[in-house]
Amino acid sequence: MIKFLLMVNKQGQTRLSKYYEQVDIEKRPSLETDVVKRCLSRKKEECSFVEYKDFRLVYRQYAALFIVVGISDTENELSIYELVHNFVEVLDKYFSRVVSSIMFNLDKVHIIIDEIIQNGHIVETNKNRILAPLLALDKMAEAH
Amino acid sequence: MSDVVEKTLSALPSLLSLDSQAGAGKLSPSSKLGNLIKGITELTSKHEEETLIKKELESIKEQVASPNTTMRQMKEIMVRAIYCEMLGYQASFSYIHAIKLAQQGSVLEKRVGYLAVSLFLNETDEFLLLLVNTVLKDLQSTNLIEVCMALTVVSQMFPKDMIPAILPVVEEKLTHPKEIIRRKAVLALYKFYLIAPNQVQHIHSKFRKALCDKDPGVMTASLHIYLQLIKENPESYKDLTGSMVTILRQVVGGKLPLDFNYHSVPAPWLQIQLLRILAYLGKEDQGTSEMMYDVLEESLRRAEMNHNITYAILFECVKTIYTVHPKSQLLEKAAECIGNFVLSPKINLKYLGLKALTYVVQQDANLALPHQMTIIECLDHSDVIIKRETLELLFRITNAQNVTVIVEKMLEFLRLTCDDYSTIDLVGKVAELAEKYSPDNVWFIQTMNSVFSLGGDVMQPDIPNNFLRLLAEGVDNVEDRQLRLFAVDSYVSLLQGETAKLPQRFLQVISWVLGEYSYLREEESDPGSVMRLLARLLDQRHTSTETRSWVLGAMTKLCSSPVSVALARDVCERYSGSLNTVLRQKAQELMILSQDTKLRARVLPAEGRLESPEVDSSLSFLDGYVSDALAAGAAPYKSPHQRQEDLVQEKALSLEPYGLSLPVSLSSCSITDRRSPTLLSMSSGLSGNSTELSHQEGSTTLKLEGVKRVWGKDGYLAQQQSAGETPTPLVELPSPLLSPQSPPSQKPSSGLEPDQEKRQLASSLFVGLGSHNSVCLMGRAETAPRHFRRKPRGESSSGASEGSSDSSHSSRSAAVDNLLHSNLLDSTTVASEGGAATTTTPQQTSQRTLDHTTSNGNPHVEGTEQRVEAGGPLSLIRGNGMVAVVPPTHTQTDPQTQQDLHPAPALERPRDLPLTSHLPAELSGLARSEFTPLCSDQDSSLALSACRVYKEDALVLLVFISNNNDSALHQMVLQLTCKELEISCISGSPLKEVKGHSVSVCLHTVVMKRASVQVELAGLLSYQRPLGQPQAAQFSLSLSLKHFLRPLTVSTGDYGKMWLSFSHDLKQNLRLVTTEHQEPLTATLDALKGKLHLHVVDIIGSEGIVACRLLQGPGQGQPCLLHCRVHADSLAVWLRSPVPELPDSLLYHCQKALTET
């Protein structure tokens, strides 16, 4: 079960957050700071999974971007680790490697995440199918 | 990380650089969001951020309120609002605009509106109601994209109460020609299932259709529902095993379209999902497991590619193989796989390997053996996460021989960690291990000292509570004295040193122990020394008020000598003016008691300390008051969780006792009976009684989790029995995985020559595991009695003889016996699962024993399997009161039940019709109740009587219609109604008429919808005599919960798992039944078993675990678990169940059953 997904920059500033378990808005920043602190303090040769309270964090670094996923301890860490990569590959495909646009298109990244994860479960991993609704939306918007 | 990934990465310009390049203007000149992000990135302090966001929110607020804002602008504004909320600043004013955007925007704007709604609102938000109409409209839209986004938002959040409004539309989408719509509809239904399972009960067949959908995506979506359903109730979905296996085979075989591949691995996440489902289906079910062996093997074989994702699949596959019914060949391959993980230089794989190992050693501790050296290396790994995971693994393989080394490693870790959560977790584990496997008193006290110092004030409060209880309980024998004396000595020396660093909790423990047991050392030291140390504690500035009150309490117990009295007077003077009322009170007590020796002797008798004061935790002295209050109309007591439950469900207070439509006399008596379970269950909360405290987490009570389920245990326990004379059995565990021929040294860790020190560590860590140590796993099981030894002492009245020098040995034989019995019982129950319970004849047992003895030296796997088969469905009926499973169908073995169910044939009926002969043949062999006359008309021409037959899966209610007249009865209709019951007629054809002088029987199966103590069934028989008017006979019949209870045959291990997963619990003290020739516990449990059809899972020492289920339709049932513990003169019962009403009702019956005995 996935509890949350965070995209964070190297300074620890949240770029995107999506929660699958109810966490009060006021409590999120401190949770995120704490989570990010733990992941950023890890060395490269250390493993990509961190215990945090009663759940686990899976994190993956892409240049200056960190993606951190909070999961319950019955989840398969490595499969989430690869899910993150699948997600990044989808972003890469959609934004055609123009990373700069990723963060300015917060809404579209969210739409992509909504296709991949729902209620904390992985619901789609096929890249074409993940992007299909978004591409259709774009087409409609162009037509307007 | 794969090379591909690295390349991709290096190609990506850094995200951050974009932020700091001040290029936002260039990148998205018109983007206000861009400016916002850029602005925030450049900030240096939280304060600046706050100012900036506040300003931004002001501007957003202004814009959304403006009538000139277009939807396109609104979309942009919403994204900014999302950004602000993401940073933790509420933008609640924008919620309504988000909904408006979803309602009015064109497609992309609409999608952003929905997105904002799903991010802003939570599932209980009332705003969501405003969305229902929009969703409904979009679901019916001709634009597929709109349908799609509506389904997406529905599967994320939807108000529970409004589901019926859109359910038909969503169901309709299940047959939509587009796969994406079908897929999303399935996911929406899954969401409905999660939030309101009863709303989608009727569409289970549609789920099946989705599972068989030609599109793999739709099928994948349906697996979410099935994973959930199967997890909750595997029995009902065994028929899906074949389909799941086929699907997995096709996926593994690459039958899916190529775009489902991830790095050339076909649909890896789907494979993982399927493997999880198979694990639930195959668990403890040999037949089902056999269906999946092939595909599991294929999965292992196919996943050879060197990529993270294949390892993720392998990990899941290994877990499944170790969860389903074991197959040696597969287990070997899985173990090999784990080996590769653990030995891998890739740190993530090593972690996963350790995790897998931690999982599998719970099945077979020997699996850790080949990896000893790797484990040792991981213990000193630079990565703290690896270290932590290794400790977790060691915790699982701890036994009496390696406990000191493992605990030392854990403490070492604890000393370095500063993470509260790890500390709490590990400290609890150390305390558990110390209590379970402690080799001697000195070690135990020292370890607990470390626990208290390290755990400090964050540890679970039950650790000190359990520890104190452990010290306090027990008879005054030499060993107990030594333990206490050692504790006292150790604390005195601690207090003589620096106390500033000791946590408050530890100081409180110290104060209590010193107050209680200092007298043990009194002879050899000067009487005032302890008093002075305590006084010094009071002087310390860091000592908290709470601790001070503990210290004062201890002083009150100690102030016997003149020196102490003088000291006490000083202290009193200081604290009698304290602003804290508790301290002032304690000081007053100390003052008075220290001056009045006689009073002190009476209040705190020196010799009385050993006996725990009699606490009437059932508060029975209040019974009179309570019954008066109840009679006056007061509501019965509800435990906090029940009240919580009531609040949640918003239902009125349960009026059950009053609602019973019993005859007046009965109902009044039921109220007085009832007060106890409902009113007195507060005892745990109030009494502060140490028994109750110990129940928290159950960490020291009967070890539910600790009972290891080992493959082939069946065999090795029997061996133990055969080798019963040898105190340390040297028999080899027939492990299906590790044949003794392959010593663990065959796999040295990656060619490294381990140094002497590590070798030593390895030998001390893994002692007690495997063959080469000459002490087999048995050493592990053998130590368990030690754990049970600690608590029962003092209570087991036979303890007087236990006072020999080393009770761990003196009590061992008895305890081993005890354990053996229970484990044997356990293992046979496992073997009997699914099969009908039959008795094992002594021949059979000895046959089995023989089997194991012969396979003793050279255990092969085949042997294990053969044995299991040969053993077949077995259940053991034992002489010493531990009767395994006696379902009502086999009551012949249970005299009590027999008596209850087969009363003397003299029926009270006016005409003694031989109704027995009218029992349907298929029911005649089953246990049944007596015949109860229901009603008869004036001239006894028609008489009705009832009888209950206790079938395994239902209660069959038989209504006998005896026609004693010459004329036949026509147009008969029998109606039974009761809102708490589910009644279904099973007579072949509903009878219409009964001839003269004959008897007809109507059969109904009855199950309880909701657990309740007693229900009243109303019956109406309408009939017509020839030439007569239509007539009707009314009757009522009360059925009690106990008629619907059946034994629940579970193993101790499963009991433990179930126990942890149930949330509704209730605690109560019951009276113990005492008989001449039985232990009180056994006698009590026997009485309960006889009267209520409970299943006694296990009895160990002074604790017993019992399980039953409440019938709820075929193949279903609500379990209830009871954990009983003898405490003083009563039986502390703790009930747990997944349903809130069951423990309460069952407790009532337990109480009644015991009162009647």
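Each reported figure results from applying straightforward, stated rules to the coordinates on display, with no laboratory input. Here the structure is a predicted model, which is why all the values come from computation and not from measurement. Every residue, glycine as well, gets a Cβ built from its backbone with ideal geometry; the counts of neighbours run over all protein chains shown.
A few remarks follow.
- Paramagnetic reach from B:Ser984 (point 7 Å along Cα→Cβ, amide N under 17 Å) across region B:236-269: B:236-237
- Between helix A:106-116 and chain A: long-axis angle, C-alpha atoms, 0 to 90°, nearest 10: 80 degrees
- Residue among B:Pro1143, B:Gly1117, B:Thr1155 farthest towards the positive dipole end of region B:1099-1157, charges placed on Cβ: B:Gly1117
- Near B:Leu1017, the amide H atoms lying under 5 Å from its own belong to B:Leu1037, B:Ser1038, B:Leu1039; only residues 5 or more places off or on other chains count, and H is placed 1.01 Å from N.
- Of B:Lys319/B:Lys1057; B:Lys160/B:Lys191; A:Lys127/B:Lys173; B:Lys283/B:Lys350; B:Lys206/B:Lys238, pairs whose Cα-Cα distance is over 20 Å: A:Lys127/B:Lys173; B:Lys283/B:Lys350
- Spatial separation of Cα centroids for region B:1014-1028 and region A:75-144, in angstrom: 67 Å
- Sparse-neighbour loop sites [GluC sites (Glu not before Pro); region A:42-77; at most 13 other C-beta within 10 Å; DSSP]: A:Glu45
- Relative contact order (%) - criterion: Cα under 8 Å, at least six apart; region: region A:1-133: 25 percent
- Low-density loop positions, trypsin sites (Lys or Arg not before Pro), region B:932-1011 - DSSP coil, at most 14 other Cβ in 10 Å: B:Lys979, B:Lys992, B:Lys995, B:Lys1009
- Dipole axis of region B:260-374 (+1 Lys, Arg; -1 Asp, Glu on Cβ), positive-most option in B:Tyr262, B:Phe315, B:Ala368: B:Tyr262
- Per-residue Cβ neighbour rank within 10 angstrom, fewest leading, B:Thr358, B:Thr69, B:Thr175: B:Thr175, B:Thr69, B:Thr358
- Residues B:Asp239 and B:Ser1038, FRET efficiency given R0 of 30 Å [Cβ-Cβ distance, rounded to 0.05]: 0.20
- Euclidean distance between Cα centres, region B:364-388 to region B:397-452, Å: 18 Å
- GluC sites (Glu not before Pro) within region B:459-516, DSSP loop, no more than 14 other Cβ atoms inside 10 Å: B:Glu498
- Residues of region B:133-153 with amide N under 16 Å of a point placed 7 Å along Cα→Cβ from A:Ala143: B:141-149
- Pairwise centroid distance, computed over Cα atoms, of region B:942-983 with region B:212-261, Å: 46 Å
- Placing a label point 7 Å from the Cα of B:Ser92 along the Cα-to-Cβ direction, the residues of region A:22-39 whose backbone N falls under 13 Å from that point are A:25-26.
- Cα-based Rg / Dmax (Å) for region B:999-1123: 20.2, 71
- Annotation: extensible slack from B:Asp570 through B:Glu1156 equals 205.2 nm (criterion: 0.36 nm per residue apart, minus Cα-Cα distance).
- Calculated FRET efficiency for the pair B:Val973/B:Ser620, C-beta based, R₀ 45 Å, to 0.05: 0.35
- Cα-based reach from B:Lys586 at 19 Å (exclusive), listing lysines while leaving out same-chain residues under 8 positions away: B:Lys557, B:Lys598
- A Cβ-based charge dipole, computed about the Cα centre of region B:984-1062 with Lys and Arg at +1 and Asp and Glu at -1, lands at about 40 debye.
- Relative contact order of region B:404-558, defined on C-alpha pairs under 8 angstrom at six or more residues apart (%): 21 percent
- Dipole of region B:224-278, positive direction: furthest Cα of B:Ile225, B:Gln273, B:Tyr237, with charges on the beta-carbon: B:Gln273
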